[in-house]
Amino acid sequence: MDSFIGQTAIVTGGATGIGAAAAASLAAQGVHVCILDLDAAGAEAVVRDIKGSGGTASASRADLTDWKDTQAAVDAFAKGAGRLDIVVHSAGGFPAYVSLIDCPVEAWDPVVNSNLRSMFYLLKAAAPHMMQRRYGRFVSLSSMAARSGVNPNPPHYTAAKGGMLALTRQAARDLGPYGITVNAVAPANVQTPRTRAIRTPERIAHIERTTPLGRLAEPQEIANAVVWLASPQASYVTGTTMDVNGGATMI
Ligand SMILES: NC(=O)c1ccc[n+]([C@@H]2O[C@H](COP(=O)([O-])OP(=O)(O)OC[C@H]3O[C@@H](n4cnc5c(N)ncnc54)[C@H](O)[C@@H]3O)[C@@H](O)[C@H]2O)c1
């Protein structure tokens, strides 16, 4: 994909898991990557790995639930690099499974804000830079939780990930005239450090039984879909959700 050469990307949540794999994959294609994450040490470690493989990357600590922080970080990178072609929004997740009945009301805001509010802030901060050059790719990590009620998922997380899909469609409509595409990837069960810590052996066995491909995904398998949606080749795809779930749901 030599058409990535010269492009720049912000990858949120790039300190770990899917975001780290997406950042490394984009950098391997010649994209100048900036990781925005709360976890400065984790982000720096990914930057070191990328540079060690011959890529170009930097990291900046930002709280994406804070508008001023988000806008300042996006503006600083876009102005410094001279352009902003791609935003991959992988920050978010949830700390532990909890049912609707047991979900404390105080747990709602942090999860909805880190997944969904952050997406709104990123779109608002990145769009002006992309509109200037009439080109942009925005790819968010939603979840199978937003596509199907077949598995138990926490209510705040499910709502946030569903909101991300609705916002993907609305942003695609608003930004399409400026040559900017907005899409989502909906993974199901991925082997990342966070999910390894919260999935019980029984849950993993259930996933393996109910997934046609018979296994969980590797972060790289999700990153591959992200990279394609972020590429110039995905030029006529916008407002969509790509399910990357081993066939766990077929919509
Ligand atoms: N891992 C899975 O099985 C899975 C499945 C479906 C969807 N997803 C989604 O994919 C994305 C990546 O998941 P993962 O498991 O690879 O990583 P993760 O959820 O463990 O990590 C997310 C990263 O986001 C950062 N972050 C959280 N809040 C932030 C904030 N306010 N500002 C800046 N950074 C913040 C964290 O520091 C962390 O580095 C998440 O959005 C998650 O919901 C993951």
- Message: Taking the alpha-carbon distance from Lys51 and a cut-off under 27 Å, which lysines remain once sequence neighbours fewer than 8 residues away in the same chain are dropped?
- Response: Lys79
- Inter-label distance for Gln132 and Glu202, nm, one decimal - labels placed 7 Å from Cα along Cα-to-Cβ: 5.5 nm
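For the chain, with only Lys/Arg (+1) and Asp/Glu (-1) charged at the beta-carbon, what is the dipole magnitude about the Cα centre, in debye rounded to 20? Don't skip to the answer; put the middle values down first.
Working: 21 positive and 19 negative charges, 88 e Å.
Its charge dipole is roughly 420 debye.
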- Message: Need the list of aspartates and glutamates near Lys161 for cross-linking: C-alpha distance under 16 angstrom, and skip anything on the same chain fewer than eight residues off.
- Response: Asp109, Asp243
- Mind ordering 87-94, 145-152 by average Cβ neighbours within 10 Å, highest first? 87-94, 145-152
- Average accessible surface area per residue within the chain, 1.4 Å rolling probe, Å²: 45 Å²
- Message: Starting from the 7 Å offset along Cα-to-Cβ, what nm value, one decimal, do you get for the label separation of Ala40 and Val105?
- Response: 3.6 nm
- How high is the FRET efficiency from Lys124 to Arg169, r the C-beta distance, R0 22 Å, rounded to 0.05? 0.85
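Give me the percent of the accessible area of segment 1-83 that comes from carbon and sulfur atoms, probe 1.4 Å, all protein chains in place. Let's see the in-between values first.
Working: 1760 of 3540 Å².
Using a 1.4 Å probe with all protein chains present, segment 1-83 comes out at 50 percent carbon and sulfur.
At a 1.4 Å probe, what is the % contribution of carbon and sulfur to the accessible area of segment 177-225? Display every interim value, and only then the final one.
Working: 1370 of 2450 Å².
Solvent-exposed carbon and sulfur of segment 177-225 make up 56 percent of the total.
If I stretch the segment between Asp49 and Lys79 completely, what's the gain in nm (0.36 nm per residue apart, minus their alpha carbon distance), one decimal? Spell out each step's value before the answer.
Values: separation 30, 0.36 × 30 = 10.80 nm, distance 2.46 nm.
The span from Asp49 to Lys79 would gain 8.3 nm if fully extended.
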- Work out, in µm²/s and without decimals, the Stokes-Einstein translational diffusion coefficient of the chain at 37 °C, 0.692 mPa s, Rh from Kirkwood over C-alpha pairs. 182 µm²/s
- Task: Taking just the C-alpha trace of segment 22-90, give me its Rg and Dmax in Å.
- Result: 11.6, 33
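The values are calculated or read from the model by the stated rules, or taken from the named source; none is laboratory data. The shown structure was predicted, so the numbers you read here are calculated from the model rather than taken from an experiment. Don't worry about glycine lacking a Cβ; one is built from the backbone with ideal geometry, like all the others, and counts go over all protein chains shown. Calculation scope for accessible area: heavy atoms of the full protein, side chains included, ligands and nucleic acids excluded. Shrake-Rupley method; radii C 1.70, N 1.55, O 1.52, S 1.80 Å.
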